Amino acid sequence: MRRFDLIVIGTGSGNSVIGPEHDGWEIAVIERSLFGGTCLNVGCIPSKMYVYAAELAELASSGPRLGVATRFDGADWAAIRDRIFGRIDPIAAAGRQYRIDGPNVTVYEGAARFIGPRRVEVDGEVVTADRIVIAAGARPARPDIAGLESCGYHTSDTIMRLETRPERLIVLGGGYIAAELGGVLGAFGSEVAFVIRGDGFLRNEDDDIRSRFTEAYRRRFEVMTHTRVTSAVRVGGGFELEVVSEGDRGPVRRLIRGDELLVAAGRVPNSDTLNVAAAGIEVDGSGYVVTDRHCRTSLEGVWALGDISNPVQLKHVANHEARVVRHNLTNPDDPIAVDHRFIPHAVFGNPQIASVGLTERDCRNRGLEYVSHLQPYGAAAYGWAMEDADSAVKVIADAGTRRLLGAHIIGPQASTLIQQLVQGMHFDLTADEMARGQYYIHPALSEVVEQALLEL
């Protein structure tokens, strides 16, 4: 059994905990798949490269509305796919080679599995270390639907490498993965049908935002809400699903068909595949590794970060936690803590969504005294110039202190516009200080944020 100073399991954000300060350490890196983790290979980066191309397709389609003679004549799926992964795959390969060539790093390519406290087995070889970082991420959830496992469906791990664009795509789910990837294929010309168990998309978003998003998608796609899939079967070159919808007179059963099926039913942490229980590492009821504010697990000398320990499952959160772990590995007597107070997120659908903090529903459930305001993009000069009638900024503040409790944006550039509100919350500014304490460029779209704060 070989002993190391540090073992890192997972090469997404976990890969960045290794720095020059560890040059004198003997380090083992364990990766069962592609170097770079979910974000680089099957998540944030390729999906947003698709999103950017899809936005161009949408813009081309919308030109005539403003008197511009543009049109969408179709998308070369293979060319888009090959451009994206022709850039990404070499990065993953280079990251792997960089670690293999490292003078103090040993790379193990295989599935890690704990067999005891700080003892890890990889393809029959057992390694140990005084310090272990678990950064093994999460995987797509696989719902229990009759026939599903045998019919060859896709998840976010595989849909982006399709050989051909489907004429008709069925998307099972209404979360951000469903909204983004279904929206991309729809923009490229696929007929898309969403099957959603609840009353609309993005159940965790503020109700004003999610209702606008759901209506926007209803105008472009088939959206079946209050609907569940009871069985799936492969028929010829496509899929046939039996679905049950809640109608006014009771359940309604019917069959729907498509060329491809995307299952986007959430993601589950990989703690079970790592067998962390064998090491005595505590997990919660959903399988997330339990950590304290220093990212330490219940087992001394073992840290965890990213999607395996944080249900938020966001790359910028994993990167933040990696920086915390990196410091704490080499400064055990002076540890730093994570700061998860104001975590923003974005949904890169069309329309785009960005949010930070509490929704109005959260505030009501907590019995908070609050004020809120919803400001349409069209009230600002640039939004008016765009003739935008759907987009809006919503801000929510404590009624007494006037400090923001939450902010939610739907519309163009939402993921950029939210940042100044995140910064204001971080530096403990009131809504009034955010609105009046700085200049807002006229007639930039950011004026809609200023207006929302002034109206609050």
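Would segment 156-168 turn up any residue that is in contact with a Phe, Trp or Tyr (Cβ under 8 Å, 6 or more places away or on another chain) and farther than 30 Å from residue 108 by Cα?
Checking segment 156-168: at least one residue is in contact with a Phe, Trp or Tyr (Cβ under 8 Å, 6 or more places away or on another chain) and farther than 30 Å from residue 108 by Cα.
Does segment 294-312 hold any residues that are within 23 Å of residue 5 (Cα to Cα), touching a residue at least 12 places away in the same chain (Cβ under 8 Å) and assigned to a loop (DSSP other than H, G, I, E, B), and which are they?
Of everything in segment 294-312, those that are within 23 Å of residue 5 (Cα to Cα), touching a residue at least 12 places away in the same chain (Cβ under 8 Å) and assigned to a loop (DSSP other than H, G, I, E, B) turn out to be 294, 295, 297, 298, 299, 301, 305, 309.
Note down all Cβ pairs under 7 Å where the first residue falls in segment 204-230 and is on the phi < 0 side of the Ramachandran plot, the second is among the hydroxyl-bearing types (Ser, Thr, Tyr) and surrounded by fewer than 17 Cβ atoms within 10 Å (Cβ to Cβ), and they're at least six residues apart or on different chains.
Sorted first by the residue in segment 204-230, then by its partner, the pairs are 224/245; 227/245.
Out of 134, 100, 145, report the one residue that is in contact with a strand residue (DSSP E or B) (Cβ under 7 Å, 6 or more places away or on another chain), of a type in the set (A, V, I, L, M, F, W, C) and free of Cβ contacts under 8 Å to residues at least 24 places away in the same chain.
None of the other options fit; the residue is 100.
Which residues, counting only those in segment 330-349, are in contact (Cβ under 8 Å) with a residue 12 or more places away in the chain, surrounded by fewer than 22 Cβ atoms within 10 Å (Cβ to Cβ) and of a type outside the set (D, E, K, R)?
Residues satisfying the conditions are 330, 335, 336, 337, 338, 340, 342, 343, 344, 345, 346.
Can you give me the number of residues within segment 144-156 that are within 12 Å of residue 262 (Cα to Cα) and at pLDDT 95 or above?
Going through segment 144-156 one residue at a time, the tally reaches 5.
With respect to residue 283, determine if the residue is in the same structural domain as residue 17 (by TED's automatic domain parsing), touching a Ser or Thr at 6+ places or on another chain (Cβ under 8 Å), surrounded by fewer than 23 Cβ atoms within 10 Å (Cβ to Cβ) and within 30 Å of residue 149 (Cβ to Cβ).
The answer is yes for residue 283.
Could you tell me whether segment 398-408 includes any residue that is in contact with a Ser or Thr (Cβ under 8 Å, 6 or more places away or on another chain) and of a type in the set (Val, Ile, Thr)?
yes
The values are calculated or read from the model by the stated rules, or taken from the named source; none is laboratory data. Quick caveat, the model's predicted, so the values are computed rather than measured. Cβ sites come from the backbone with ideal geometry, for glycine too, and all protein chains shown count toward neighbours.
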